[in-house]
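To start, the structure under review is shown below, and the notes come after it.
Bear in mind these aren't lab numbers, they're just calculated from the coordinates by the rules spelled out. All figures in this text were calculated on a predicted structure; none of them were measured in a lab. Here the Cβ positions follow ideal geometry from the backbone for every residue, glycine too, while neighbour counts run over all protein chains shown.
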Amino acid sequence: MTSAVLTRPEQEQARPAATTGRRAFPRRWWGRVTLLVIAGGLAAVELHGRLPDPASTWAVLRLSAPGPLLVAAVLQVTSMTAFAEQQRQLLAAYGVKMSTAAALGLTYTRSAISIALPGGSAVSAGYAFRAYRARGASRQVGVAVMVLSGVASVTGLALLYVADVLAWITPSPATLAALVAVPALVALTVRHLRRNRPPRRPVARQDVAAPTSRLARLRDTVRETAALAARIPTPRWVGILVLAALNWATDVACLLAAIHAVGVSVPARDLATAYLAIQLIRQIPVTPGGVGVVEASLVVALTATGAAPAPAAAAVILYRLLSCWGLLPVGLLCWMTQRHAEQANRSARPDPVGIRDVGAHGAPR
């Protein structure tokens, strides 16, 4: 009979394993829980006295105009389609084919993942990367498309910030000339550098040891992504940036249509400014998809512009139903459809000769 007493080295090895499960939750979630509590407290302070009773909000929702609601739904679908086409164009630049329907389904699935899961943005990015790889993209191309899509989205949002600033000021002819000259100068400079640069070696796997440090891996990824970005022609880049700006612009227009559906009149310039300010707040990953934070910020912004509390809350509910909450069932349906199609494709593939029908002695049955 063996002894059940552990030696001291064995006890030291067993102790971390026994305490890992107890310490994992505070280390991983303590910061998020703290941010959530702070955000909830701030939201409660800001919304105190501004939220109507549910009966008033429901009464406004029942009287919503169907025409503007239909327009808001079409605008939100257009926004999602623009983002899907943005990814599709980036993949097509590297010879990776993806249909419009597949790209749109991937976009809805990614949106549902980012809304439903803690840390959903990272999980969504990983899901998209696997989808790119399944369609033939290399690891370098998959990473580059993920990074460049994010850069294009940020640039499209920045264009909306510039347009919002110009809407609040009266630009002089010199300012307008500068706004036209600077992008043209940048485009000419990039074109000149492309024509006069030395021949570039193709991005390919090298027979060298993979970098071990995170900094080295990050440096290699940045270098590979920059090399791949330089291969995209300027006209395609312009189209991608237009799609990115269209994604944001139609989302703002969806919010404006939802506001008109409940009979609220808010200047488009004020609404765009509030929307862009909320996008900065949304970048703080307090809750998945900004649930709670975005709604509270929008209600505060609308009531600050003079809207009554009940119509403001009803407009926010309609907008978030189209742009956030309604994406969950659609994304789940797209994920189930895609998974069913993948399983059907795997079952339809013929088995290699001699794999399924090989007997115990290595001969076909």
inquiry  = Just to verify a number: FRET efficiency for ALA268 and VAL123, C-beta to C-beta distance, R0 = 35 Å, to 0.05?
reply    = 0.50
note = Per the 1/(1 + (r/R0)^6) rule, R0 = 51 Å and r from the Cβ atoms of ALA59 and SER213, FRET efficiency to 0.05 is 0.25
ask   = Tell me, what HN-Hα J-couplings in whole Hz come from the Karplus equation 6.51 cos²θ - 1.76 cosθ + 1.60 at θ = phi - 60° for each residue of the stretch 313-326, using x for Gly and Pro?
value = 5, 5, 5, 5, 4, 5, 5, 6, 5, 7, 9, 9, 5, x
task = Within 10 Å of each residue's Cβ, count the other Cβ atoms and sort ARG219, ARG214 from fewest upward.
result = ARG214, ARG219
Options ALA304, TRP335, PRO267, ranked by Cα towards positive dipole end of the stretch 225-341, top entry (Cβ charges) = TRP335
task = Taking every Cα atom in the stretch 225-313, find the radius of gyration and the maximum pairwise distance Dmax, and write them in Å.
result = 16.8, 53
Table column - 3J(HN,Hα) (Hz), the stretch 253-259, Karplus curve with 6.51, -1.76, 1.60, x for Gly and Pro = 5, 4, 4, 5, 5, 5, 5
remark   = If THR303, THR107, THR155 are placed from fewest to most neighbouring beta carbons inside 10 Å, the sequence is THR155, THR303, THR107
query = Using the beta-carbon distance between ARG139 and LEU70 and R0 = 35 Å, what value does 1/(1 + (r/R0)^6) give for FRET efficiency, to the nearest 0.05?
reply = 0.20
inquiry  = Normalised by the empirical 2.2 N^0.38 Å for globular proteins, what value does the Cα Rg of the stretch 301-341 take?
reply    = 1.76
message = So if each residue of separation counts as 0.36 nm, and I subtract the Cα-Cα distance between THR337 and ILE169, what length gain in nm does that give?
response = 55.6 nm
